[in-house]
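Notes to accompany the following structure.
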Amino acid sequence: MAKPRTLFDKIWANHVVRTEDDGTALIYIDLHLAHEVTSPQAFAGLREAGRKLRRPDRTLAVADHNIPTTDRSKGIEDPESRLQVETLEANVKEFGVPYFPVDDIRQGIVHIIGPEQGLTQPGMTVVCGDSHTSTHGAFGALAFGIGTSEVEHVFATQTLVQKPAKNMRVTVKGAPPAGTTAKDLILAIIGKIGTAGGTGHVIEFAGDAIKNLSMEGRMTVCNMSIEAGARAGMIAPDETTFEYLKGKPYAPKAGAWEQAVQYWSSLPSDPGAVYDTEVELDAADIVPYVTWGTSPQDALPITATVPKAEDFPDPDRQAGIARSIEYMGLTGGMPIQDIKVDTVFIGSCTNGRLEDIRAAAAIAKGRKVASSVKALVVPGSGLVKEAAEAEGLDKILIEAGFEWREPGCSMCLAMNADKLKPGERSASTSNRNFEGRQGPGGRTHLVSPAMAAAAAIKGHLADVREFLA
Amino acid sequence: MRKFTTFTGVAAPMPAQNIDTDKVIPARFLKTIERKGLGKHLFNDMRYNTDGTEKEGFILNQPAYRNAEVLVVGDNFGCGSSREHAPWALSDFGVKCLIGTDFADIFFNNSSKNGMLLIKLPKPIVDALMEDAKLGANARLTIDLEAQEITRPNGEVVKFEVDPFKRHSLLNGLDDIGLTFKNKEDITSYESKDGSSRPWMPSLAAE
């Protein structure tokens with residue numbers, strides 16, 4: 001009998017174009033997503049070498065990082081941001097690349113719109129010049145971020161030179177308690193394995209707590225695989241996946257659908273497949289989480305206290321903790337719930353989908369944002385925004401004192417006008433709490449959308465379970 | 001790509017763990033459409049005060065390290081964003097080689113595509129090289145990729161492992177795309193086989 005294979009092994013094998021003696025492989029890329037920040041130098045490289053795009057029919061470009069989330073009728077004010085978006089628009093025209101313009105309802109964050117359009121499908125290889133490409137692994141695709149040289153390589157050849165990754169399985173068994181969401185699961189996982197825990201591996205997330213997540217929740221989990229250092233994160237495709245895809249614009253149409261589902265159903269890891277690394281968590285132990293420091297691994301239950309540097313034996317780690325506490329303006333030992341916030345950001349490729357906005361609105365309904373807090377909700381795409389408005393979620397949020405914005409990456413990385421001022425502190429549903437990530441000197445606490453809404457109302461990091469009674 | 005040749009240069013110690021690519025080059029400097037000129041923003045927020053003056057304590061602002069060509073770094077350097085602007089900024093500053101216990105995967109890949117050599121070594125050896133680097137301008141390391149050797153200031157030689165494909169590309173300054181084009185027929189044959197086995201795959205069109 002053939003050796004049992006993992007989901008990753010199968011997708012890898014299906015995409016090998018050729019293998020060199022040392023194991024280096026040329027792998028085929030099924031879908032290439034591009035945005036304005038990491039593509040200009042790649043297009044310039046093609047131009048200089050007189051090369052064309054090999055598969056424009058498997059490429060989609062969109063501007064998301066630099067675009068304003070307020071009134072767009074006046075265009076982009078910042079000249080550098082404007083130049084980057086205009087450069088993308090000129091490049092897609094010159095090279096014949098499919099593109100969703102800024103005024104198209106389908107425009108949005110690249111990792112929101114791929115799945116939304118049904119472009120991301122099980123068994124595919126998906127790349128983008130963006131580390132959060134791991135999001136697409138939620139569909140049982142092998143999806144990973146690449147640099148600009150590799151973007152150019154995919155443009156020109158539709159392939160990449162890669163070495164196979166190691167397999168890691170993270171099993172979250174059982175059912176999570178009330179108030180715990182996909183975001184809390186992934187923060188707990190990163191807190192456990194650390195920000196380099198997945199280096200060299202592709203993580204397959206498994207177990208009942210993962211299987212019972214919606215596609216939106218699965219995308220949140222896979223999105224932050226990179227925050228654990230993994231090359232990619234993935235989840236076996238199942239009925240939830242197929243149900244989500246059915247009827248999406250680029251999903252297989254009737255006739256081809258059955259054939260596709262049959263193929264997709266062959267992808268989950270075989271029983272007895274061996275993983276290089278195994279990690280197990282019990283969902284019952286995972287309460288709402290929050291990060292206190294400047295690395296996503298600095299994740300703790302909301303009921304915890306800020307750690308003290310002296311509690312860590314490793315001197316390098318101790319120095320890191322001390323530096324984080326100083327940057328974040330905290331005191332070791334203080335309760336996390338005593339941390340006041342100035343800004344609340346709900347959005348990003350991690351938590352900018354309809355389910356996330358529903359979760360925030362459920363907490364906000366009939367309540368008011370604290371007067372000391374500026375709170376903004378930035379839908380992940382024009383279609384997410386439209387769907388949320390159809391449900392009246394915008395009205396609930398605006399009534400509670402949230403700002404309702406146009407779609408984009410926004411305050412996740414502060415390349416547009418949405419940013420923290422030095423010393424300002426946010427509760428944010430994004431993916432990185434690095435120093436200066438949301439603006440120079442800004443301080444970020446990562447939370448779920450419901451926890452973000454709770455923080456907006458209380459004016460400090462708060463336990464969302466108090467709102468569930 | 002520039003060929004990687006043997007050199008002797010100053011090594012700067014950067015022992016902090018998890019130096020992410022947002023620290024190497026903050027997002028607000030990614031608005032360029034060029035590869036060049038990012039060296040002045042390398043480690044921007046660690047290196048400069050908000051008024052643009054240099055932070056005295058930062059290692060690369062110290063006279064001995066202003067021309068560092070090697071960085072000896074803490075664990076998991078380059079984690080986070082896939083921005084190739086990070087290796088572009090390092091390379092533009094003049095860094096040719098980084099030595100650490102482990103690097104984030106995407107950063108590692110991106111660096112080798114820009115002619116930079118990233119060397120992974122066990123913790124005790126990195127610690128010893130970190131001590132060498134603290135010697136300032138006397139902390140000159142010789143990096144020989146051909147022989148896969150680092151020569152320490154005291155003359156001791158440290159061997160290192162490197163992926164044979166990456167070594168070959170770095171030594172010869174090879175362009176990956178040019179190499180892949182040699183296998184164009186394999187790509188075409190993959191596409192024709194795949195086209196018939198997965199006929200449902202999406203097809204986009206420019207509007």
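Sort out which residues of the stretch B:11-49 are β-branched (V, I, T), touching a helix residue (DSSP H, G or I) at 6+ places or on another chain (Cβ under 6 Å) and not in a helix (DSSP H, G or I), and write them in order of number. Reasoning before the result, please.
We begin by selecting, within the stretch B:11-49, every residue β-branched (V, I, T); these are B:19, B:21, B:24-25, B:32-33.
Next, from what is left, pick out any that are touching a helix residue (DSSP H, G or I) at 6+ places or on another chain (Cβ under 6 Å): B:21, B:24-25, B:33.
Of everything in the stretch B:11-49, those that are β-branched (V, I, T), touching a helix residue (DSSP H, G or I) at 6+ places or on another chain (Cβ under 6 Å) and not in a helix (DSSP H, G or I) turn out to be B:I25, B:I33.
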Selection count, the stretch A:373-385, where residues are open to solvent by 30 Å² or more (accessible area, probe 1.4 Å) and not in a helix (DSSP H, G or I): 1
Failed criterion for A:G436 (all others in (1) open to solvent by less than 10 Å² (accessible area, probe 1.4 Å); (2) within 11 Å of chain B (Cβ to nearest Cβ) hold): (1)
Matching residues in the stretch B:10-26 - criterion: being open to solvent by less than 10 Å² (accessible area, probe 1.4 Å) and either among the hydroxyl-bearing types (S, T, Y) or touching a Ser or Thr at 6+ places or on another chain (Cβ under 8 Å) (or both): B:D20, B:T21, B:D22
Filtered residue count, the stretch B:50-108, keeping only those that are acidic (D, E) and part of a loop (DSSP other than H, G, I, E, B): 6
Qualifying positions in the stretch A:1-20 - in a loop (DSSP other than H, G, I, E, B) and either more than 9 Å from chain B (Cβ to nearest Cβ) or touching a residue at least 60 places away in the same chain (Cβ under 8 Å) (or both): A:M1, A:A2, A:K3, A:P4, A:R5, A:T6
Every residue from the stretch B:45-59 that is touching a Phe, Trp or Tyr at 6+ places or on another chain (Cβ under 9 Å) and surrounded by fewer than 19 Cβ atoms within 10 Å (Cβ to Cβ): B:R47, B:Y48, B:E54, B:K55, B:F58
Selection count where residues are among the aromatic types (F, W, Y) and touching a Pro at 6+ places or on another chain (Cβ under 7 Å), scope the stretch A:288-309: 1
Leading residue by the ranking (nearest to the other protein chains (Cβ to nearest Cβ)) among those in the stretch A:136-161 that are assigned to a strand (DSSP E or B) and open to solvent by 10 Å² or more (accessible area, probe 1.4 Å): A:V161
Meets criteria (among the polar types (S, T, N, Q), at pLDDT 95 or above and more than 18 Å from the chain's Cα centre (by Cα)) for B:N18: no
Residue identified as farther than 19 Å from A:R443 by Cα and touching a Leu at 6+ places or on another chain (Cβ under 6 Å) among B:V10, B:V70: B:V70
The stretch A:317-372 - residue that is among the polar types (S, T, N, Q) and more than 19 Å from A:P422 (Cα to Cα) and, of those, most open to solvent (accessible area, probe 1.4 Å): A:S371
Residue match in the stretch A:438-455 (condition: in a helix (DSSP H, G or I), of a type in the set (G, A, S) and touching a strand residue (DSSP E or B) at 6+ places or on another chain (Cβ under 6 Å)): yes
From the options B:L42, B:L38, residue that is within 17 Å of the chain's Cα centre (by Cα), crowded, with 18+ Cβ neighbours inside 10 Å and more than 12 Å from chain A (Cβ to nearest Cβ): B:L42
Those residues of the stretch A:218-236 which are more than 13 Å from chain B (Cβ to nearest Cβ), surrounded by 24 or more Cβ atoms within 10 Å (Cβ to Cβ) and not in a strand (DSSP E or B), in sequence order: A:R218, A:M219, A:T220, A:V221, A:C222, A:N223, A:I235
Extreme residue, nearest to A:E399 (Cα to Cα), among residues of the stretch A:451-469 that are open to solvent by less than 10 Å² (accessible area, probe 1.4 Å) and touching a helix residue (DSSP H, G or I) at 6+ places or on another chain (Cβ under 6 Å): A:A453
Total residues in the stretch B:132-177, condition in contact (Cβ under 8 Å) with a residue 24 or more places away in the chain, part of a helix (DSSP H, G or I) and closer than 20 Å to B:P13 by Cβ: 4
Filtered residue count, the stretch A:21-37, keeping only those that are facing chain B (nearest Cβ under 7 Å), within 30 Å of A:G272 (Cβ to Cβ) and open to solvent by less than 40 Å² (accessible area, probe 1.4 Å): 4
Residues of the stretch A:162-190 satisfying the condition of being more than 22 Å from A:A143 (Cα to Cα), outside any strand (DSSP E or B) and over 17 Å from the mean Cα position of the chain (by Cα): A:G174, A:A175, A:P176, A:P177, A:A178, A:G179, A:T180
Filter pass, A:P40 being closer than 17 Å to B:E207 by Cα, surrounded by 16 or more Cβ atoms within 10 Å (Cβ to Cβ) and at the interface with another protein chain (Cβ under 8 Å from one of its Cβ atoms): no
Subset of the stretch B:156-166 (residues that are open to solvent by 50 Å² or more (accessible area, probe 1.4 Å) and at pLDDT 95 or above): B:E156, B:V157, B:K159, B:E161
Residue among A:V92, A:V97 that alone is assigned to a loop (DSSP other than H, G, I, E, B), at pLDDT 95 or above and over 21 Å from A:V377 (Cα atoms): A:V97
Some residue of the stretch B:81-93 being aromatic (F, W, Y) and open to solvent by 40 Å² or more (accessible area, probe 1.4 Å): yes
Matching residues, the stretch A:237-255, being open to solvent by 30 Å² or more (accessible area, probe 1.4 Å) and either more than 10 Å from every other protein chain (Cβ to nearest Cβ) or aliphatic (A, V, I, L, M) (or both): A:E239, A:T240, A:E243, A:Y244, A:K246, A:G247, A:A254
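The values are calculated or read from the model by the stated rules, or taken from the named source; none is laboratory data. Every value quoted in this text rests on a predicted model; they were computed, and no experiment measured them. Note that each Cβ is placed from the backbone with ideal geometry, even for glycine, and that neighbours are counted across all protein chains shown. These area figures cover heavy atoms from the full protein model, side chains too; ligands, DNA and RNA do not enter into them. Shrake-Rupley method; radii C 1.70, N 1.55, O 1.52, S 1.80 Å.
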